[in-house]
Amino acid sequence: MISEPYKKEQESLPGESHLVPALLMCPPRFYGVSYVINPWMRGNLGKSSLSLAMQQWQKLYRVLSGMTHVLLVEPVVGSPDMVFTANAGLAHAGIVAISNFYYPERQNEEAHFRRWFADAGYRVADLPREIAFEGEGDALFSSDGLRLWAGYGYRTHESSHAILRELWGVEVVGLHLVDPRFYHLDTCFAPLRDGSLLYFPPAFDKASLARIESYYPPAQRIVVSEEDAMSFACNAVNIGRTIVLNRISSELECKLIVRGFEVIQVELSEFLKAGGAAKCLVMQLTPELHLQP
Ligand code: ARG
(Lines give C-alpha, C1' and ligand atoms only; values in the text may rest on other atoms or scores of the structure.)
Protein backbone atom coordinates (compact mmCIF):
# COMPACT_ATOMS: atom_id res chain seq x y z
CA MET A 1 0.00 0.00 0.00
CA ILE A 2 1.47 3.35 -0.99
CA SER A 3 0.75 6.56 0.89
CA GLU A 4 -0.52 9.46 -1.17
CA PRO A 5 1.82 12.43 -1.35
CA TYR A 6 1.82 14.89 1.49
CA LYS A 7 -0.45 17.80 0.66
CA LYS A 8 0.92 21.15 1.63
CA GLU A 9 -2.23 23.23 1.23
CA GLN A 10 -3.54 22.20 4.67
CA GLU A 11 -4.89 25.30 6.36
CA SER A 12 -3.35 26.02 9.73
CA LEU A 13 -5.04 27.71 12.65
CA PRO A 14 -3.64 30.62 14.67
CA GLY A 15 -0.86 29.44 16.98
CA GLU A 16 -0.59 26.13 15.17
CA SER A 17 2.56 24.91 13.49
CA HIS A 18 2.26 24.94 9.69
CA LEU A 19 3.43 21.33 9.70
CA VAL A 20 0.48 18.96 9.85
CA PRO A 21 1.40 15.75 11.64
CA ALA A 22 2.52 12.62 9.90
CA LEU A 23 0.53 9.64 11.15
CA LEU A 24 1.25 5.98 11.83
CA MET A 25 -1.35 3.31 11.08
CA CYS A 26 -1.34 -0.50 10.98
CA PRO A 27 -3.49 -2.46 8.50
CA PRO A 28 -5.94 -4.80 10.25
CA ARG A 29 -4.88 -8.00 8.44
CA PHE A 30 -4.72 -9.95 11.71
CA TYR A 31 -7.31 -7.96 13.62
CA GLY A 32 -10.01 -9.57 15.74
CA VAL A 33 -11.45 -9.61 19.24
CA SER A 34 -9.65 -12.59 20.72
CA TYR A 35 -9.36 -11.72 24.43
CA VAL A 36 -11.04 -9.38 26.89
CA ILE A 37 -8.99 -6.52 28.34
CA ASN A 38 -11.68 -3.81 28.42
CA PRO A 39 -15.47 -3.77 28.87
CA TRP A 40 -16.11 -3.29 25.13
CA MET A 41 -14.51 -6.60 24.26
CA ARG A 42 -16.71 -8.55 26.66
CA GLY A 43 -19.44 -10.24 24.64
CA ASN A 44 -17.63 -9.51 21.38
CA LEU A 45 -15.10 -12.35 21.35
CA GLY A 46 -14.76 -13.55 17.76
CA LYS A 47 -17.61 -11.27 16.70
CA SER A 48 -15.86 -8.72 14.49
CA SER A 49 -15.87 -9.22 10.75
CA LEU A 50 -12.36 -9.09 9.29
CA SER A 51 -13.55 -8.07 5.82
CA LEU A 52 -15.75 -5.27 7.18
CA ALA A 53 -12.97 -4.14 9.51
CA MET A 54 -10.63 -3.99 6.51
CA GLN A 55 -13.14 -1.89 4.51
CA GLN A 56 -13.70 0.51 7.41
CA TRP A 57 -9.97 0.87 8.07
CA GLN A 58 -9.29 1.47 4.33
CA LYS A 59 -11.85 4.25 4.32
CA LEU A 60 -10.21 5.89 7.34
CA TYR A 61 -6.79 5.46 5.73
CA ARG A 62 -7.99 7.04 2.47
CA VAL A 63 -9.56 10.01 4.24
CA LEU A 64 -6.45 10.67 6.35
CA SER A 65 -4.03 10.11 3.45
CA GLY A 66 -5.91 12.83 1.58
CA MET A 67 -4.98 15.27 4.33
CA THR A 68 -1.53 14.25 5.49
CA HIS A 69 1.25 11.72 5.21
CA VAL A 70 0.32 8.29 6.61
CA LEU A 71 3.04 5.73 7.31
CA LEU A 72 2.36 2.08 7.97
CA VAL A 73 3.75 -0.49 10.36
CA GLU A 74 3.41 -4.16 9.36
CA PRO A 75 0.84 -6.09 11.41
CA VAL A 76 1.95 -9.22 13.25
CA VAL A 77 0.07 -12.52 13.61
CA GLY A 78 -1.04 -13.01 17.21
CA SER A 79 -1.19 -9.26 17.99
CA PRO A 80 -4.76 -8.41 16.92
CA ASP A 81 -4.80 -5.06 18.74
CA MET A 82 -1.70 -3.78 16.93
CA VAL A 83 -4.09 -1.83 14.67
CA PHE A 84 -4.53 0.56 17.58
CA THR A 85 -1.26 2.36 16.91
CA ALA A 86 -2.12 5.18 19.34
CA ASN A 87 -0.86 2.73 21.93
CA ALA A 88 2.54 2.18 20.27
CA GLY A 89 4.02 4.96 22.36
CA LEU A 90 4.22 8.73 22.47
CA ALA A 91 6.31 10.53 19.85
CA HIS A 92 7.34 14.16 20.06
CA ALA A 93 10.32 16.15 18.80
CA GLY A 94 12.12 13.10 17.44
CA ILE A 95 11.86 11.11 20.68
CA VAL A 96 9.48 8.23 21.23
CA ALA A 97 8.54 6.78 24.60
CA ILE A 98 7.60 3.19 23.79
CA SER A 99 4.58 1.74 25.59
CA ASN A 100 4.80 -0.74 28.44
CA PHE A 101 1.45 -2.44 28.01
CA TYR A 102 -0.46 -3.17 31.20
CA TYR A 103 -1.89 -6.46 29.94
CA PRO A 104 0.37 -9.31 28.79
CA GLU A 105 -1.99 -9.79 25.80
CA ARG A 106 -0.51 -6.67 24.17
CA GLN A 107 3.08 -6.82 25.39
CA ASN A 108 4.29 -8.63 22.25
CA GLU A 109 3.57 -5.48 20.27
CA GLU A 110 6.25 -3.50 22.10
CA ALA A 111 9.24 -5.00 20.29
CA HIS A 112 7.65 -4.45 16.86
CA PHE A 113 6.85 -0.83 17.55
CA ARG A 114 10.29 -0.26 19.09
CA ARG A 115 11.95 -1.61 15.92
CA TRP A 116 9.78 0.54 13.66
CA PHE A 117 10.68 3.73 15.53
CA ALA A 118 14.39 2.90 15.72
CA ASP A 119 14.43 2.24 11.95
CA ALA A 120 12.59 5.51 11.34
CA GLY A 121 15.37 7.44 13.14
CA TYR A 122 13.73 8.23 16.47
CA ARG A 123 15.56 8.34 19.76
CA VAL A 124 13.81 5.49 21.53
CA ALA A 125 13.15 5.89 25.26
CA ASP A 126 12.06 2.91 27.35
CA LEU A 127 10.32 3.47 30.65
CA PRO A 128 11.17 1.01 33.47
CA ARG A 129 9.25 -2.22 32.68
CA GLU A 130 7.25 -2.12 35.91
CA ILE A 131 5.74 1.27 35.01
CA ALA A 132 2.70 0.72 32.79
CA PHE A 133 2.33 3.30 30.04
CA GLU A 134 0.09 3.04 26.96
CA GLY A 135 1.40 5.86 24.81
CA GLU A 136 -0.76 8.38 23.04
CA GLY A 137 -3.86 6.47 24.16
CA ASP A 138 -3.21 8.05 27.56
CA ALA A 139 -1.14 11.14 26.71
CA LEU A 140 -2.33 14.02 24.55
CA PHE A 141 -0.67 17.36 23.93
CA SER A 142 -2.62 20.60 24.17
CA SER A 143 -2.98 22.34 20.82
CA ASP A 144 0.00 24.65 21.55
CA GLY A 145 2.18 21.61 22.38
CA LEU A 146 3.22 23.07 25.74
CA ARG A 147 1.15 20.87 28.02
CA LEU A 148 0.77 17.12 28.08
CA TRP A 149 -2.52 15.82 29.42
CA ALA A 150 -1.79 12.42 30.89
CA GLY A 151 -4.48 9.89 31.83
CA TYR A 152 -4.03 7.24 34.51
CA GLY A 153 -6.08 4.76 36.47
CA TYR A 154 -6.57 1.80 34.13
CA ARG A 155 -3.68 1.23 31.72
CA THR A 156 -1.06 3.84 32.55
CA HIS A 157 0.56 4.30 35.92
CA GLU A 158 0.76 7.80 37.35
CA SER A 159 4.48 7.34 38.02
CA SER A 160 5.08 7.49 34.24
CA HIS A 161 4.22 11.20 34.29
CA ALA A 162 7.48 12.33 35.90
CA ILE A 163 9.41 10.45 33.22
CA LEU A 164 7.45 12.11 30.42
CA ARG A 165 8.02 15.52 32.03
CA GLU A 166 11.75 14.82 32.16
CA LEU A 167 11.92 13.49 28.58
CA TRP A 168 10.36 16.51 26.89
CA GLY A 169 10.61 19.28 29.49
CA VAL A 170 6.87 19.90 29.22
CA GLU A 171 4.20 20.45 31.81
CA VAL A 172 2.44 17.14 32.47
CA VAL A 173 -1.02 17.28 34.00
CA GLY A 174 -2.48 14.05 35.35
CA LEU A 175 -6.12 13.19 34.74
CA HIS A 176 -7.63 10.34 36.76
CA LEU A 177 -9.95 8.12 34.72
CA VAL A 178 -12.77 6.59 36.77
CA ASP A 179 -15.19 4.97 34.29
CA PRO A 180 -13.92 1.60 32.98
CA ARG A 181 -15.67 2.13 29.62
CA PHE A 182 -13.34 5.09 29.08
CA TYR A 183 -10.16 3.33 30.09
CA HIS A 184 -7.81 5.36 27.88
CA LEU A 185 -7.67 9.16 27.89
CA ASP A 186 -8.29 9.36 24.14
CA THR A 187 -11.69 7.68 24.57
CA CYS A 188 -13.09 10.64 26.53
CA PHE A 189 -10.83 13.66 25.91
CA ALA A 190 -9.76 15.38 22.69
CA PRO A 191 -7.93 18.71 22.67
CA LEU A 192 -8.87 20.35 19.35
CA ARG A 193 -6.67 22.54 17.16
CA ASP A 194 -8.69 25.69 17.75
CA GLY A 195 -7.87 25.53 21.47
CA SER A 196 -11.15 23.91 22.48
CA LEU A 197 -11.77 20.55 24.11
CA LEU A 198 -14.16 17.75 23.26
CA TYR A 199 -14.74 15.64 26.40
CA PHE A 200 -17.04 13.45 28.48
CA PRO A 201 -16.89 14.85 32.05
CA PRO A 202 -18.20 11.77 33.97
CA ALA A 203 -15.11 9.83 32.87
CA PHE A 204 -12.96 11.89 35.27
CA ASP A 205 -12.74 12.35 39.02
CA LYS A 206 -13.54 15.72 40.61
CA ALA A 207 -9.97 16.94 40.97
CA SER A 208 -9.22 16.15 37.33
CA LEU A 209 -12.34 17.98 36.17
CA ALA A 210 -11.19 21.01 38.15
CA ARG A 211 -7.82 20.84 36.35
CA ILE A 212 -9.54 20.65 32.99
CA GLU A 213 -11.87 23.52 33.82
CA SER A 214 -9.10 25.78 35.07
CA TYR A 215 -7.33 25.42 31.72
CA TYR A 216 -10.29 25.51 29.34
CA PRO A 217 -12.78 28.37 29.89
CA PRO A 218 -16.46 27.37 29.56
CA ALA A 219 -16.71 28.62 25.97
CA GLN A 220 -13.88 26.28 24.97
CA ARG A 221 -15.42 23.14 26.48
CA ILE A 222 -17.53 20.96 24.22
CA VAL A 223 -19.32 18.49 26.47
CA VAL A 224 -20.25 15.24 24.77
CA SER A 225 -23.42 13.34 25.77
CA GLU A 226 -23.15 9.79 27.10
CA GLU A 227 -24.64 8.50 23.85
CA ASP A 228 -22.01 10.26 21.73
CA ALA A 229 -19.26 9.26 24.17
CA MET A 230 -20.36 5.63 23.74
CA SER A 231 -20.02 6.12 19.97
CA PHE A 232 -16.42 7.20 20.60
CA ALA A 233 -17.11 10.83 19.65
CA CYS A 234 -14.09 11.95 21.71
CA ASN A 235 -11.89 9.49 19.84
CA ALA A 236 -11.42 12.06 17.12
CA VAL A 237 -8.53 12.77 14.76
CA ASN A 238 -8.22 16.52 14.25
CA ILE A 239 -6.02 17.83 11.47
CA GLY A 240 -6.27 21.58 10.90
CA ARG A 241 -9.95 22.35 10.49
CA THR A 242 -11.01 18.77 9.82
CA ILE A 243 -12.24 16.28 12.41
CA VAL A 244 -12.44 12.60 11.49
CA LEU A 245 -14.41 10.29 13.77
CA ASN A 246 -16.93 7.48 14.04
CA ARG A 247 -20.66 8.25 13.59
CA ILE A 248 -21.95 10.94 15.97
CA SER A 249 -25.28 12.68 16.64
CA SER A 250 -26.32 15.53 14.35
CA GLU A 251 -26.45 17.74 17.44
CA LEU A 252 -22.75 17.26 18.11
CA GLU A 253 -21.92 17.51 14.43
CA CYS A 254 -23.67 20.92 14.34
CA LYS A 255 -21.73 22.14 17.38
CA LEU A 256 -18.46 21.30 15.63
CA ILE A 257 -19.52 22.82 12.32
CA VAL A 258 -20.54 26.05 14.08
CA ARG A 259 -17.00 26.23 15.50
CA GLY A 260 -15.65 26.14 11.95
CA PHE A 261 -14.74 22.45 11.65
CA GLU A 262 -15.40 20.15 8.76
CA VAL A 263 -16.65 16.84 10.19
CA ILE A 264 -15.95 13.55 8.41
CA GLN A 265 -17.72 10.53 9.89
CA VAL A 266 -16.31 7.10 9.12
CA GLU A 267 -18.22 4.04 10.31
CA LEU A 268 -15.88 2.05 12.57
CA SER A 269 -18.28 -0.46 14.16
CA GLU A 270 -15.84 -3.40 13.94
CA PHE A 271 -13.21 -1.55 15.97
CA LEU A 272 -15.68 -0.40 18.61
CA LYS A 273 -16.07 -4.11 19.44
CA ALA A 274 -12.46 -4.03 20.69
CA GLY A 275 -12.89 -0.66 22.43
CA GLY A 276 -11.37 1.68 19.88
CA ALA A 277 -12.25 4.03 17.01
CA ALA A 278 -10.62 6.66 14.76
CA LYS A 279 -8.06 8.18 17.13
CA CYS A 280 -6.99 4.79 18.53
CA LEU A 281 -6.20 3.64 14.99
CA VAL A 282 -3.73 6.49 14.49
CA MET A 283 -0.56 7.73 16.15
CA GLN A 284 0.94 11.17 15.58
CA LEU A 285 4.53 11.18 14.40
CA THR A 286 7.20 13.87 14.43
CA PRO A 287 6.63 15.55 11.04
CA GLU A 288 10.25 16.71 10.65
CA LEU A 289 11.42 13.10 10.46
CA HIS A 290 9.01 12.07 7.74
CA LEU A 291 8.12 15.07 5.61
CA GLN A 292 11.30 15.83 3.71
CA PRO A 293 10.48 18.27 0.90
N1 ARG B 1 -8.48 -3.57 22.55
C2 ARG B 1 -7.55 -2.49 22.71
C3 ARG B 1 -7.11 -2.43 24.16
O4 ARG B 1 -7.91 -2.66 25.02
C5 ARG B 1 -8.15 -1.20 22.28
C6 ARG B 1 -7.20 -0.05 22.34
C7 ARG B 1 -7.80 1.27 22.02
N8 ARG B 1 -6.80 2.27 21.95
C9 ARG B 1 -6.90 3.52 22.40
N10 ARG B 1 -5.93 4.35 22.15
N11 ARG B 1 -7.90 3.92 23.12
O12 ARG B 1 -5.98 -2.16 24.47
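The values are calculated or read from the model by the stated rules, or taken from the named source; none is laboratory data. Since the model is a prediction, treat every value here as computed from it, not as a measurement. Please note: Cβ atoms are built from the backbone with ideal geometry, for glycine as well, and neighbour counts cover all protein chains shown. Heavy atoms of the whole protein, side chains included, go into the accessibility calculation; ligands, DNA and RNA do not. Shrake-Rupley method; radii C 1.70, N 1.55, O 1.52, S 1.80 Å.
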Rounded FRET efficiency, nearest 0.05, which uses the C-beta distance separating Val258 from Val36 and R0 of 30 Å: 0.15
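Return a whole-number percent for the relative contact order of the range 134-269, with Cα pairs under 8 Å and 6 or more residues apart as the contact set.
Relative contact order for the range 134-269 comes out at 18 percent.
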Kirkwood-Stokes translational diffusion coefficient of the range 174-293, alpha-carbon pairs, 20 °C, 1.002 mPa s, µm²/s: 144 µm²/s
Taking all pairs of distinct alpha-carbon atoms in the range 32-181, Kirkwood radius in angstrom: 16.5 Å
Pairs of Cα atoms farther than 13 Å apart, the range 112-178, %: 65 percent
Relative contact order (percent, whole number), the range 208-293, Cα cutoff 8 Å, 6+ residue spacing: 25 percent
Estimated FRET transfer efficiency when R0 is 30 angstrom, pair Met230-Arg62 (beta carbons, to 0.05): 0.70
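What number comes out for accessible area per residue over the chain if the probe is 1.4 Å? Units Å², please.
Each residue of the chain exposes 40 Å² on average to a 1.4 Å probe.
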With 5 Å bins from 0: P(r) over the chain, alpha-carbon pairs, percent: 1, 6, 13, 18, 21, 19, 14, 7, 2, 0
Most mobile of Leu146, Leu64, Leu281 in a GNM of the chain (Cα contacts under 10 Å): Leu146
Distant alpha-carbon pairs in the range 38-119 (separation over 19 angstrom), percent: 48 percent
Cα-Cα pairs of the range 233-285 separated by more than 16 Å (percent): 38 percent
Mean Cα-pair separation over length for the range 115-196, i.e. relative contact order, pairs under 8 Å, 6 or more apart, %: 31 percent
Rounded to the nearest 10 Å², the accessible area of Lys255 at probe 1.4 Å: 90 Å²
Under 18 Å from the Cα of Lys273 - aspartates and glutamates, other chains or at least 8 residues apart: Asp81, Glu105, Asp179, Asp186, Glu226, Glu227, Asp228
Carbon/sulfur fraction of accessible area - the range 200-293, other protein chains in place, 1.4 Å, %: 55 percent
